[in-house]
Amino acid sequence: MAVVKMVTTLPGDWKEFEVGEWAHTLVENLVVACIQIERIRSMYRWDGEVTSEDEWRLMMTTTTEKAPILAKLIEKKSPYDTPQITWTTVDASDSYSTWTEEVTK
């Protein structure tokens, strides 16, 4: 069986509780089964300049059915003009896939 792992980022100047509240709404609204949150350093090109900033990375687990809904929610809720929204479908154990399905119903 398979699950979807979706990744987005939030600004590094957000407090941990703000990131937690943002993530909590996704779990509470049954769009994701779980979210891992970590601080990272990102380097990217923006407006013709290479820049580097602290960010929060959120790796979310959801179902193939909920992935498009989650992507739209991130785009709507993100403070970024062009939020990172990437995902991949990965093989998972039957028990984890079943759990993911159950908690996102």
For the stretch 32-59, how many residues are assigned to a strand (DSSP E or B), of a type in the set (A, V, I, L, M, F, W, C) and within 28 Å of Thr100 (Cβ to Cβ)?
7
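Rundown of residues vs (1) modelled with pLDDT of 95 or more; (2) surrounded by 13 or more Cβ atoms within 10 Å (Cβ to Cβ); (3) among the aromatic types (Phe, Trp, Tyr), yes/no style:
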position: Val32; (1), (2), (3): yes, yes, no
position: Arg39; (1), (2), (3): yes, no, no
position: Trp46; (1), (2), (3): no, no, yes
position: Thr63; (1), (2), (3): yes, yes, no
If you go through the stretch 86-96, how many residues are buried (at least 17 other Cβ atoms within 10 Å of the Cβ) and under 10 Å from the mean Cα position of the chain (by Cα)?
1
Kindly list, by first and then second residue, each pair from a residue in the stretch 1-20 that is closer than 30 Å to Ser95 by Cβ and in contact (Cβ under 8 Å) with a residue 12 or more places away in the chain to a residue that is part of a helix (DSSP H, G or I) and polar (S, T, N, Q), limited to pairs with Cβ atoms under 7 Å and residues at least 6 apart or on different chains.
Met1/Ser97; Ala2/Ser97; Val3/Ser97; Val3/Thr100
Among the candidates Glu38, Glu53, single out the residue that is over 21 Å from Val4 (Cβ atoms) and not hydrophobic (A, V, I, L, M, F, W, C).
Glu53
Of all residues being of a type in the set (A, V, I, L, M, F, W, C) and in a helix (DSSP H, G or I) in the stretch 11-31, which is farthest from the chain's Cα centre (by Cα)? Just the residue, please.
Phe17
Condition check: among the basic types (Lys, Arg), farther than 30 Å from Glu102 by Cβ and free of Cβ contacts under 8 Å to residues at least 24 places away in the same chain. Does Lys76 satisfy that?
no
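The values are calculated or read from the model by the stated rules, or taken from the named source; none is laboratory data. Predicted, not measured: the structure shown is a model, and the values here were computed from it. With ideal geometry, Cβ positions are generated from the backbone for all residues, glycine too; neighbour counts draw on all protein chains shown.
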